[in-house]
Amino acid sequence: MIQFQNHDDARANVETEADALAAIVRDNQALGAPEADRVRGAVATYVRAVVQDEWPRLRAAGQESPRAAAALDSLYQTLQGIEPRTFRARAFYDDSVRQLNIALDARRNRLADGRGGLPAEVAALILVGAVAILSYATLVGSRSFWFHAIGAGAIAVVIGVSLVVLVALLYPFSGDLAIDPEPFRSGSLARFFGPS
């Protein structure tokens, strides 16, 4: 149950990061050209790097992308280079900085989620527990061979399927239950990928 919650949290981190980046794109329209164009371009570069470079790395080895990290640094520098000229522009600029910090926090969480894994102590507990349950089911049983065999087999199947699901949930960006980068390709961010 905990791993399912962790998998769900990983999906929420992806959505939070994409939502914050979309808010930056929308907020910076208040700055006007050329500042809004520079911010939009920096967000586009980062989003493309995440989808095209970082996602395959997360899927394969749980690693971040140096290209995405550099694009995020560039986005920070772009925002730092802007001097809002009106009170209205200042309000939207301040929200953009706040949204960028939210995106950075969600990115850190996403990368941590991508490393996946199970603490050694928990893995040992699961292994010892599975062996104990199967041993008990095998050694203590009914006088009927078939009733005993079916009971032990059913327990083995339940434990085996549970372990397969657990492993799939441990690595949220790979396998059959993998989280995809769709939030980065939808809404306000969809324009950075052209027509589908």
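The values are calculated or read from the model by the stated rules, or taken from the named source; none is laboratory data. Being a predicted model, the structure only gives us computed values, none of them experimental. Note that we place each Cβ from the backbone using ideal geometry, even for glycine, and neighbour counts take in every protein chain shown.
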Checking 184, 87 in turn, the sole residue that is in the same structural domain as residue 39 (by TED's automatic domain parsing), out of contact with any Phe, Trp or Tyr (no Cβ under 6 Å at 6 or more places or on another chain) and surrounded by 14 or more Cβ atoms within 10 Å (Cβ to Cβ) turns out to be 184
Out of (1) modelled with pLDDT of 80 or more; (2) surrounded by 12 or more Cβ atoms within 10 Å (Cβ to Cβ); (3) farther than 24 Å from residue 61 by Cα, what's the single condition that is false for residue 106? (3)
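Quickly run through the stretch 1-55 and pick out the residues that are among the aliphatic types (A, V, I, L, M), buried (at least 18 other Cβ atoms within 10 Å of the Cβ) and closer than 16 Å to residue 113 by Cβ.
First pass over the stretch 1-55, keeping only residues among the aliphatic types (A, V, I, L, M): 1-2, 10, 12, 14, 18, 20-25, 30-31, 33, 36, 39, 42-44, 47, 49-51.
Then keep just the ones that are buried (at least 18 other Cβ atoms within 10 Å of the Cβ); that gives 10, 14, 18, 20-25, 30-31, 36, 39, 42-44, 47, 49-51.
Passing the criteria: 10, 14, 18, 50.
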Residue pairs within 6 Å by beta carbon, gap of at least six or interchain, first lying in the stretch 60-81 and on the phi > 0 side of the Ramachandran plot, second outside any helix (DSSP H, G or I) and not basic (Lys, Arg), listed first then second, are 62/116
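Here is a list: 173, 193. Which entry is modelled with pLDDT under 85, under 19 Å from residue 50 (Cα atoms) and hydrophobic (A, V, I, L, M, F, W, C)?
Details: 193 fails: modelled with pLDDT under 85.
One residue alone meets the criteria, 173.
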Test result for residue 20, in a helix (DSSP H, G or I) and aliphatic (A, V, I, L, M): yes
